[in-house]
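The values are calculated or read from the model by the stated rules, or taken from the named source; none is laboratory data. Please read all numbers here as calculations on a predicted model, not as lab measurements. Protein only, heavy atoms only, side chains kept; ligands, DNA and RNA dropped before computing areas. Shrake-Rupley method; radii C 1.70, N 1.55, O 1.52, S 1.80 Å.
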Amino acid sequence: AVRLVDSLPMASTEALEGKFVVIVGRSTTVGSPLAAAFLSRNATVAIAHSRTANLRSLIAQADIVALAAGSSGMVTPQMISDSTVVLNVGTTFEPVSKELQGDFSYCS
């Protein structure tokens, strides 16, 4: 997760300082390390999950959304602004379509 943040074009502490980051997914593998990486660069971080009551409004406020819940299509283009950076990390294998799909739905 730290390598992912380091590879972002805006990865410097100065560029991330004060940005509001919403991480959807609370796993110890991806969600928590991503939160720590963004916090270490002085971003403001909110960790959400598939059962977060106000997920849509939380995402609407974000400068950066990192999706790591493993729930295909849980976030749609209508939920984010044009300037929001989306990191689509979470994936799910859909047995019907036999495709690997991300948490972000590009088609909705």
Checklist outcome for this item: Residue-normalised value, i.e. accessible area per residue, for the chain at 1.4 Å probe, in Å², stands at 55 Å²
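Nearest 5 percent is fine: what portion of the DSSP beta bridges confined to the chain is antiparallel?
Antiparallel: roughly 20 percent of the beta bridges in the chain.
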Checklist entry - What do you get for Rg/Rh of the chain when both radii come from the Cα atoms and Rh is the Kirkwood radius? => result 0.96
Checklist entry - Based on DSSP H runs of at least 4 residues, each adding -39500 (n - 2.57), what is the mean residue ellipticity at 222 nm of the chain after dividing by all its residues, to the nearest 500 deg cm²/dmol? => result -5000 deg cm²/dmol
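For the chain, give the percent of accessible area contributed by carbon and sulfur heavy atoms, probe 1.4 Å, rounded to a whole number.
Carbon plus sulfur share of accessible area: 52 percent.
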